[in-house]
Ligand code: UD1
Ligand code: CA
């Protein structure tokens, strides 16, 4: 359903994403480089979708099947066969819009900080100005390599001159072309057909369309953005880092406004889509990446790294590395724990210092407090795995499972050689190598019995004395 009053012309959006991204020096298409864990193109598509356009066309190169694969439902792909410039890319996009009559918004896929509010404002400005084209401009302290807006003495728009084509005095201009436009389709089509590549890059510049429309006496409006950050295009990895930092701060700001305390935003890294509940404290040097969710009233960090992790409410994750795991409410993790894929800590469980757990379930209130490796194990509730326990889960060929029941108390330095089951309420003696099942309630002892050799020290001393007497004689 369109958000615009019925009197508005239909809207199509074309997003340009076919560029070679040469300055990225990469084998990955530029628009798939990630900003906060997500291809930059996805943000531009999001902004376009908020306008509920009739058509949404993404222009890609012919080899860009990876881009096609990430497009959400409702997006169409148009292929630009040769990279002849942004004007040619829009031509390719319009190829998919044959017969379309209305407004055509053109966005660049490498401007990922563009957002819903801005594109809505641009469209409004376009309608209010009854223009054939409306383009976004900005005044930048450092106009860098952007196309410059050339105006006449009365401030009227004349043309856009690309940095590479600009004369020295034109390079002094601080008003730039952001690369977000709306055109009337009937004005855009013929102007594109007339483009020539007689410029420094030998390309068909979309920006030259503006000059042509003005020459034809059509109205071109400008929409100035005061959000310098939003206007940034990503052409190199330096710009990728700057834009990523801005996006990250935007995401953190959203969390803070929703009731999350971020101790040090400068060292807290959150990916797009990460959720954190209210009254949770994110301490310094913390990464929450991928599809990570943290509940309410929890504390994460300092120095924690979570990727695709779910953490419940009132949990603590201190200086630890977590990946593809579920940490229940009121759990305690770390410091220095490594929680690997397919691990579940049920409510109130603990994985303490120098503990590694993978593909295991630790039951409610069970504890693995120190120096242990638990792999392919199911531990019941209220059990305690003492210091330095190892599940020997791999026999050199296959992984085997360990089952530890409820209310189990293992002794320190127990090695559990899987497959094995330790029954409910059972114990193991410290230093045991458990190779057989321990029945419920039993104590498994599997270690050499201690033997004390009385008077050993005296015998040793006597032997040493004899040895030195022999040497003196020789
Ligand atoms: C472009 C503008 C410049 C503006 C800047 C804003 C032109 C000629 N110049 O320059 O005025 O200040 O953006 O960021 O438009 N693309 C294609 N096919 C092509 C070439 C490019 O799809 O043949 C796509 C790219 O993938 C990219 C976008 O168009 O998403 C912009 O192209 P890019 O080469 O980055 O243009 P800039 O030099 O940044
Ligand atoms: Ca660019």
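Candidates in region 16-55 are the residues that are under 24 Å from residue 247 (Cα atoms) and more than 22 Å from the chain's Cα centre (by Cα); of these, the one that is farthest from ligand 2 (Cβ to nearest atom) is 52. Looking at the structure I just gave you, is residue 435 buried (at least 18 other Cβ atoms within 10 Å of the Cβ) and either at pLDDT 95 or above or under 36 Å from the mean Cα position of the chain (by Cα) (or both)? The answer is no for residue 435.
Going through (1) more than 16 Å from ligand 2 (Cβ to nearest atom); (2) under 24 Å from residue 53 (Cβ atoms); (3) not in a helix (DSSP H, G or I) one by one, residue 259 falls short only on (2). Taken across region 121-135, residues that are part of a loop (DSSP other than H, G, I, E, B), within 13 Å of ligand 1 (Cβ to nearest atom) and either surrounded by 15 or more Cβ atoms within 10 Å (Cβ to Cβ) or within 37 Å of the chain's Cα centre (by Cα) (or both) do not occur at all. In summary, strands (runs of 3 or more DSSP E) completely within region 351-425 and bearing 3 or more residues that are in contact (Cβ under 8 Å) with a residue 24 or more places away in the chain and closer than 24 Å to residue 328 by Cα occur at 377-379, 402-404. In region 194-222, the qualifying residues are those that are part of a helix (DSSP H, G or I) and closer than 16 Å to residue 104 by Cα, and the one that is nearest to ligand 1 (Cβ to nearest atom) is 207. Of all residues in region 323-332, those satisfying the criterion of being under 23 Å from the mean Cα position of the chain (by Cα) and in a strand (DSSP E or B) are 323, 325, 326, 327.
Are any residues in region 62-73 in contact (Cβ under 8 Å) with a residue 40 or more places away in the chain and closer than 17 Å to residue 48 by Cα, and if so, which ones? The answer is 67, and nothing else. Residues that are away from ligand 1 (no atom under 11 Å from the Cβ), within 20 Å of residue 132 (Cβ to Cβ) and not in a helix (DSSP H, G or I) within region 102-120 comprise 102, 103, 104, 105, listed in sequence order. Applying a threshold of 6 Å to beta carbon distances and a minimum spacing of six or more residues, or different chains, the list of pairs starting in region 74-93 at a residue that is in a loop (DSSP other than H, G, I, E, B) and ending at one that is more than 16 Å from ligand 2 (Cβ to nearest atom) reads 80/92; 81/62. When the residues of region 168-190 are filtered to those that are in a helix (DSSP H, G or I), away from ligand 1 (no atom under 13 Å from the Cβ) and without any contact (Cβ under 8 Å) to a residue 60 or more places away in the chain, the one that is nearest to residue 125 (Cα to Cα) is 187. Close Cβ contacts (under 7 Å, 6 or more residues apart or on different chains) running from residues in region 47-61 that are on the phi > 0 side of the Ramachandran plot to residues that are more than 16 Å from ligand 2 (Cβ to nearest atom) comprise 52/1; 52/2; 52/3. Of the residues 268, 261, 280, only one is over 16 Å from the mean Cα position of the chain (by Cα), at pLDDT 95 or above and surrounded by 20 or more Cβ atoms within 10 Å (Cβ to Cβ); which? Only one candidate passes the filter, namely 280.
Are any residues in region 228-254 under 29 Å from residue 88 (Cβ atoms) and away from ligand 2 (no atom under 16 Å from the Cβ), and if so, which ones? The answer is none; no residue qualifies.
The values are calculated or read from the model by the stated rules, or taken from the named source; none is laboratory data. None of these values were measured; they are calculated from a predicted model. Virtual Cβ from ideal backbone geometry, glycine too; neighbours counted across all protein chains shown.
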